[in-house]
Amino acid sequence: MDILVVADFREPFLDRIKVLLDLNDRTRLPLEPVGYTAEEFMEMLERKNSFILEAVEKGKILYVSERTQIYRVLKNSTHIDGRLTT
């Protein structure tokens, strides 16, 4: 299962995958994580990156802060369940 994580990453792109996999060590869920910064995510969304568009259109939002630009953009294009936001 793919999981897209947007966070304040400082690591290079490929190192983020290891960080996310290490976080999953205890649960051992079959995840294929990919991590982007908010800036990278927004840039790819603006450029209509097919992976990001599919994630936005078909994926489930597990958590998004109402204080972010991503929330404001997604709120206009998808349903965001208020119980999953802060």
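The values are calculated or read from the model by the stated rules, or taken from the named source; none is laboratory data. Only a predicted model underlies this, so the values are computations on that prediction, with no experimental measurement involved. So basically every Cβ, Gly included, is an ideal-geometry build from the backbone, and we count neighbours across all protein chains shown.
Just checking, which of 14, 53, 62 is in a loop (DSSP other than H, G, I, E, B), among the hydrophobic types (A, V, I, L, M, F, W, C) and either at pLDDT 95 or above or surrounded by fewer than 16 Cβ atoms within 10 Å (Cβ to Cβ) (or both)? Full working, then the answer.
Numbers: 14 fails: in a loop (DSSP other than H, G, I, E, B); 53 fails: in a loop (DSSP other than H, G, I, E, B).
Every option except 62 fails the conditions.
Of everything in the range 17-33, what is assigned to a strand (DSSP E or B) and surrounded by 15 or more Cβ atoms within 10 Å (Cβ to Cβ)? Give them in sequence order.
Scanning the range 17-33 gives a single hit, 33.
Keeping to the range 1-11, report how many residues are surrounded by 15 or more Cβ atoms within 10 Å (Cβ to Cβ) and more than 13 Å from the chain's Cα centre (by Cα). First the steps, then the outcome.
Going residue by residue through the range 1-11, those that are surrounded by 15 or more Cβ atoms within 10 Å (Cβ to Cβ) are 3-6, 9.
With more than 13 Å from the chain's Cα centre (by Cα) added as a condition, the list becomes none.
Residues that pass the stated criteria total 0.
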